[in-house]
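Where a number appears in this text, it was derived from the coordinates with a stated rule and is not lab data. Just so we're clear, the structure is a prediction, and the values are computed from it rather than from any experiment. FYI the Cβ positions are ideal-geometry reconstructions off the backbone, even for glycines, and counts take in every protein chain you see.
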Amino acid sequence: MQNRTFITTFITLWLMSTNLFSQPIPQLTLHLDQPGVTVSPTLYGLMTEEINHSYDGGLYAELIRNRAFKDNPKTPDHWTMIQDSGAIGKISLDHNQKINNAFTACLRIDIENCGKQIGVSNDGYWGIPVKPNTTYKGSLYAKSSGLQNKTLIVGIESTDGKIMYASTKIPGVNDKWQVFHFTFTTSSDIKPTADAKFVILANEKGIYCFNLVSLFPPTYHNRSNGNRPDIMEMLATMKPKFLRFPGGNYLEGNMFSSRFEWEKTIGSIADRPGHMSPWGYRSTDGMGLLEFLEWCEDLKMQPVLAVFAGYTLNRDHLDSGAFLKPFVDEALDEIQYITGDVTTKWGAERAKDGHPKPFALNYVEIGNEDGFDLSGSYAQRYLQFNDAIKAKYPHLHIISTVGGKDPLGRRVPAPSRDLEIVDEHYYRSAFQMEENASQFDNYSRKGPKVFVGEWATREGSPTTNMNAALGDAAWMTGMERNSDLVIMASYAPLFVNVNPGGMEWRSDLIGYNALACYGSPSYYVQTMFSSNIGNKVVPITGENIPTQLQKLSAKDSMNGLTPKEIPALFYVATRDTVSGTIFLKIVNTLDTPQKAMIRFEGKTKLISTGKAIVLKANNPEETNSINNPNNIVPHTVIIKRIAKKFNYIFPAYSITVMKIKSR
Ligand code: AHR
């Protein structure tokens, strides 16, 4: 079978290389002699919000689910009573034992008889990950009935209760709320598993109360209250230049009361009440404003701060004027928390939270997708925010969510005054992405710059497939070619927890469970594009570009629609004017390899050996998954005989980044 594939491939390549196909081959002429536009230094970045368990159960490394017993006011979700041989007890939520005004319900265990083992367990976010030689750091608030001090045992146990992987004792529990900190370390001989639970065990009868139970594995850069290292490393590979946060819909909230209220997301986790996210579950707000900023610091990204602008997802809004002013002030305070020195009110607060050094901030976005606010109030709301922010922080670049195109591709009227940057969002099929890959070629250069703050080819689930990656890459050639205009772009959503019930949005970039994470083919396109980019676009003329026909659904065909014909080969080139490297990106969406001639115009000396980084699949539905994470990954091949004019064969369903050195 393998032999047959080899022979067929050989004959196809031979036929193509001997030019027996009657079609003239595609020809791409790179005009090194023509000035290309400057590539935006901030072109590729990240967009993030709490969706698909992006933070809780995702990047934010907290392992205890429902740590503050707020997920369900009636029962302690994710907590279970443990009672073995002869133990008698019950668990409940107690609303009369608050630790502060943010955390008013606690977990209560009434123990009548300890039997062999009694306590509570937490099942984590689809399991507690156990790894060898790993130190876990935890904390909890606890108190107990009676005058005597009591001792608890905390640890990680297999779900069947047969193996205790690591544990420690907490002595000194008495009838006053106290916070206890603990650590325990697993041994070197265990196999990684998520088939485990966190346990709190007691050995004396009585009443026990617990709150804010927290457990962290090692985090990226060892930050306390930090992030999962494996996911952070995947993000670092993307070399992102910015982070747009905190949303998305998560910024807006379903109602005013559930918007992202930044002030409630700072300080100790004991001061963060958490809130209901629009994506159907509560957020702990453990990933708060400072954590977003430290995430930027860790990956050397600039923050792109979206501020709440008086519009919520239930289509409620506040008109500009006195009623909107408190929200404008809230945004100004937020900017001061980020950028103010320690002599300012909010700069001092940031210092108290552990980060005296101000963060650099250049971009502020007013709201999110306010084109959905059909009242038309955005124009005036935008101006009120814009004017107040610019008055205090004239250097900040302000991004409008209206004035570009809306997610359906319709142009939305702009606020009355000239805009600096507009945020446009695109969620499309692969065909639509490819069909629109040249859309920015035709934008006026006299209007605002464009931030494509959310975009994705939505094919494949929970993470996208190869067809989506082809659509993404085609679309990115258009953004990169026009990056004098498109100054920033960020794929969305970034994350998905692939466990059943973890996903709200069905095509995402990076998937994970409690133990591991993986990248979709789209993820690899992001890394290939952002790691291989110059500072000037090289204009390209394409000739004999092959085309593809739209695949119509049976219904569309029956309705007499005729399929559209669009290009099937997409390309962009940039050049690093310092090193001389030329980055040529080619996307072949066809099911056959495409031989093309690459030509260079202009005075240059090319080094004859270069590299190509190739992502390809046998069929467009192929993908990666948590159990098969490396099915589609880029591989590098050496290109020989690079010359002013040379032929190259681009595999079927492939994305190729050529790195060609010139002097
Ligand atoms: O990315 C998912 C959602 O799509 C975002 O929250 C919202 O801005 C957009 O409509």
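Summing Cβ point charges (Lys, Arg +1; Asp, Glu -1) relative to the Cα centre of the stretch 79-216 gives a dipole of roughly 280 debye. For PHE650, nonlocal amide neighbours, meaning residues 5 or more places apart or on other chains whose placed amide H falls under 5 Å from its own, are GLN594, LYS595, ALA596.
About its Cα centre, how strong a charge dipole does the stretch 31-124 have in debye, to the nearest 20, once Lys and Arg get +1 and Asp and Glu get -1 at the Cβ?
The dipole magnitude comes to about 420 debye.
Quick check for you: which residues of the stretch 180-212 have the amide N under 19 Å from the point 7 Å beyond the Cα of ASN133 toward its beta carbon? Inside the label zone: 184-193. Taking 0.36 nm per residue of separation and subtracting the Cα-Cα distance, full extension of the segment from SER579 to MET276 would add 104.1 nm. Projected over all directions and averaged, the alpha-carbon convex hull of the chain occupies 34.9 nm². Between the stretch 277-343 and the stretch 110-129, the alpha-carbon centres lie 38 Å apart. Among beta bridges identified by DSSP and lying wholly in the chain, the antiparallel ones come to about 70 percent. In a reduced charge model with +1 at each Lys and Arg Cβ and -1 at each Asp and Glu Cβ, the chain shows a dipole moment near 1960 debye about its Cα centre. When the charge dipole of the chain is built from unit charges on Cβ atoms (+1 for Lys and Arg, -1 for Asp and Glu) and taken about the Cα centre, the candidate among VAL402, SER224, VAL154 whose Cα reaches farthest toward its positive end is SER224.
Hey, can you rank 51-57, 438-444, 200-206 by average C-beta count inside 10 Å, highest first?
Ranked from most to least packed, the peptides come out as 51-57, 200-206, 438-444.
Shown is the FRET efficiency for ASP175 and LYS300, computed with R0 = 45 Å from the Cβ-Cβ distance and rounded to the nearest 0.05: 0.35. Please compute the Cα-Cα pair-distance distribution of the stretch 152-234 with 5 Å bins starting at 0, giving whole percents from short to long. Binned Cα distances yield the sequence 3, 11, 20, 20, 21, 13, 8, 3, 1, 0. Across the stretch 522-533, coupling constants 3J(HN,Hα) worked out from phi with the 6.51/-1.76/1.60 Karplus curve, θ = phi - 60°, read 4, 4, 5, 4, 4, 5, 5, 6, 7, 8, 10, 8 Hz, and Gly and Pro carry x.
For LYS116, the aspartates and glutamates whose Cα comes closer than 20 Å to its Cα, not counting residues fewer than 8 places off in the same chain, are ASP84, GLU157, ASP160, GLU204. Each of ILE163, LEU215, SER121 was placed along the dipole of the stretch 79-216 (beta-carbon charges, centred on the mean Cα), and the one lying farthest toward the positive end is LEU215. Taking the charge dipole of the stretch 218-351 about its Cα centre, with +1 at Lys and Arg Cβ atoms and -1 at Asp and Glu Cβ atoms, the residue from MET234, THR344, MET287 reaching farthest to the positive side is MET234. Along each principal axis, taking the top coordinate minus the bottom one, the Cα set of the stretch 79-216 gives 41, 35, 26 Å in descending order.
Taking other residues whose beta carbon is less than 11 angstrom from the beta carbon of TYR378, and scoring Lys, Arg as +1 and Asp, Glu as -1, yields -3. Computed over the Cα atoms of the stretch 500-652, the ratio of the radius of gyration to the Kirkwood radius (Rg/Rh) comes to 1.03. Taking other C-beta atoms within 10 Å as the exposure proxy, HIS397, HIS635 rank HIS635, HIS397 from fewest upward. For the pairs LYS98/LYS357; LYS90/LYS191; LYS352/LYS392; LYS137/LYS264; LYS90/LYS176; LYS98/LYS162, note any where the Cα-Cα span goes beyond 27 Å. Those over the limit are LYS98/LYS357; LYS90/LYS191; LYS98/LYS162.
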